[in-house]
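Here's the structure we're looking at; comments come further down.
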Amino acid sequence: MSLHDVTLVVNGRRHGAQVPARLTLVDFLRDVLRLTGTHVGCEHGVCGACSILLDGRPVRSCLLLAVQVDGAEIVTVEGLAPEPGTLSVLQDAFWETHALQCGFCTPGMLIAARALLAENPAPSDEEIREAIGGNLCRCTGYKQIVDAIRLAAERLRQSNEAGATEPGGDRVGAD
């Protein structure tokens, strides 16, 4: 089996590794980098549990090979928090509105929401539902998830208007 060199920036940290040609990105993240927040669900790109941000765009990491994203910048659910042991505004809104139950879909939902709010700071409920439409949840019924994203959007707008930053100096809601 031949190995291929890949270099990625994941959650702001540069990583280099030698990987087999057929290693999926989700397996690379989980097994090589030990970032287990990205979940493996259907392995067919249907459920959204493995969603990550690839160069700022939400994608299914089970559908990509690690060698395909050499040189890319990736954000996983672990990278959403401003610093270890803290929650982002979006994560806190999910917590506050009970937008998670079993938690299996939560990483993909957070990634989808982060991508939406980066492009649209004031989404309608319909736009929120569209943005998370590719992520399956079997527990919440989606209402609390929509409520959480709406709450986070409101808080991010208020914080940005006030010029607030998350711990670590990042502008609230900035990618």
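The values are calculated or read from the model by the stated rules, or taken from the named source; none is laboratory data. Here the structure is a predicted model, which means the values were calculated and not measured. Virtual Cβ from ideal backbone geometry, glycine too; neighbours counted across all protein chains shown.
Some observations on this one:
- Among the residues of region 83-138, those identified as of a type in the set (S, T, N, Q), in contact (Cβ under 8 Å) with a residue 24 or more places away in the chain and within 24 Å of ARG13 (Cβ to Cβ) are THR86, SER88, THR106.
- When the residues of region 30-45 are filtered to those that are touching a residue at least 40 places away in the same chain (Cβ under 8 Å) and in contact with a Leu (Cβ under 7 Å, 6 or more places away or on another chain), the one that is surrounded by the most Cβ atoms within 10 Å (Cβ to Cβ) is THR38.
- Of everything in region 132-143 that is in contact with a helix residue (DSSP H, G or I) (Cβ under 8 Å, 6 or more places away or on another chain) and of a type outside the set (Phe, Trp, Tyr), the residue that is nearest to ALA99 (Cα to Cα) is CYS137.
- Of the candidates VAL19, VAL40, VAL26, VAL59, the single residue that is over 22 Å from LEU117 (Cα atoms) and either in the same structural domain as LEU110 (by TED's automatic domain parsing) or part of a strand (DSSP E or B) (or both) is VAL19.
- Qualifying residue in region 19-29 (condition: among the charged types (D, E, K, R) and in contact (Cβ under 8 Å) with a residue 40 or more places away in the chain): yes
- Of the set (1) modelled with pLDDT under 95; (2) within 18 Å of the chain's Cα centre (by Cα); (3) within 30 Å of HIS44 (Cβ to Cβ), all apply to THR140 but (2).
- Filtered residue count, region 1-16, keeping only those that are surrounded by 12 or more Cβ atoms within 10 Å (Cβ to Cβ) and either free of Cβ contacts under 8 Å to residues at least 40 places away in the same chain or not in a strand (DSSP E or B) (or both): 3
- So CYS102, is it crowded, with 21+ Cβ neighbours inside 10 Å and at pLDDT below 95: no
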